[in-house]
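Values quoted throughout were computed directly from the atomic coordinates according to the rules given, and no laboratory measurement underlies them. Small disclaimer: the values here were computed from a predicted structure and weren't measured. Ideal geometry is used to build each Cβ from the backbone, glycine not excepted, and the neighbour counts take in all protein chains shown.
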Amino acid sequence: MSTVQGSPVTPPRAAPIIRSFPEPGKGIQQAYRELDLADTGTDAQRKALGDLNLLPRPWDPASLTQPQLRLEVWSWLEAVATWLNLEYVWDVSAMIPPCWPQHPYLVHEIAVIADQRRRAGRALTSDALEEWHRYALPSFIDRMKGRTRNYCEEGHQDWPAKGRFARHVSDEQVNERRRAFNADQQTQRASRASQQPQGPQLRVVDDGLAVDTGTGEIVD
């Protein structure tokens, strides 16, 4: 231990300057391998995967129907959110709130930003990571700040738009929108009917006979 003007100086605690991006668990890694095969694999490999539309996509947690895999994704996103707050945030307004799982829009956004950061880190050049730094991360932070504002600074707050959403899904408003949809459909039907040609449409075939294209009858 050294001293400065007679006062002991404790050396700084050993710690890394930066920390590595959190790696996903084995289940998520397997999901990514299957997605890579679906994208670049052979026809046989793609066929072995089954319906490609049903493959779990870690950047879209709603696509994860296996409970264990879903839990693994939550653990990964928790690690990513903590990593982002530690490695990229200086001003408190850019902090991902600790109640982020209670904000569906943040769940969607963090899943995508985690996926893009993983892909950028695995690239063979720095281009994708520079794009992530320049566009993806700042855009995410700006959207988060615009939506969250200061509602959860001292703890999670109830959804400010809860009352308005309740009105949105009320029977009265749902029926009002359905009436608008039905009116639009009727308008399109009337428009199509008015554009129908009047009288039979004839087409001359090889032997010189005229055929009504609507009924298929030969017209003298």
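Converting phi to 3J(HN,Hα) with the Karplus coefficients 6.51, -1.76 and 1.60 and the offset θ = phi - 60°, region 50-64 yields x, 5, 5, 5, 9, 5, x, 10, x, 6, 10, x, 5, 7, 8 Hz in sequence order, with x at every glycine or proline.
Hey, can you rank 184-190, 59-65 by average C-beta count inside 10 Å, highest first?
Numbers: 184-190: 10.0, 59-65: 14.9.
Put in order of decreasing packing, that is 59-65, 184-190.
The chymotrypsin sites (Phe, Trp or Tyr not before Pro) of region 78-113 meeting both criteria, a DSSP state outside H, G, I, E and B (loop) and at most 15 other C-beta atoms within 10 angstrom of the site's C-beta, are W90. For region 82-87, the Karplus equation 6.51 cos²θ - 1.76 cosθ + 1.60, evaluated at θ = phi - 60°, returns couplings of 5, 5, 4, 4, 7, 8 Hz by residue, with Gly and Pro reported as x. Taking θ as phi - 60° and the Karplus parameters 6.51, -1.76 and 1.60, the scalar couplings of region 175-182 work out to 5, 5, 5, 5, 4, 5, 4, 5 Hz in sequence order, x denoting glycine and proline. The length gained on full extension between A183 and D171, counted as 0.36 nm times the residue separation minus their Cα-Cα distance, comes to 2.5 nm.
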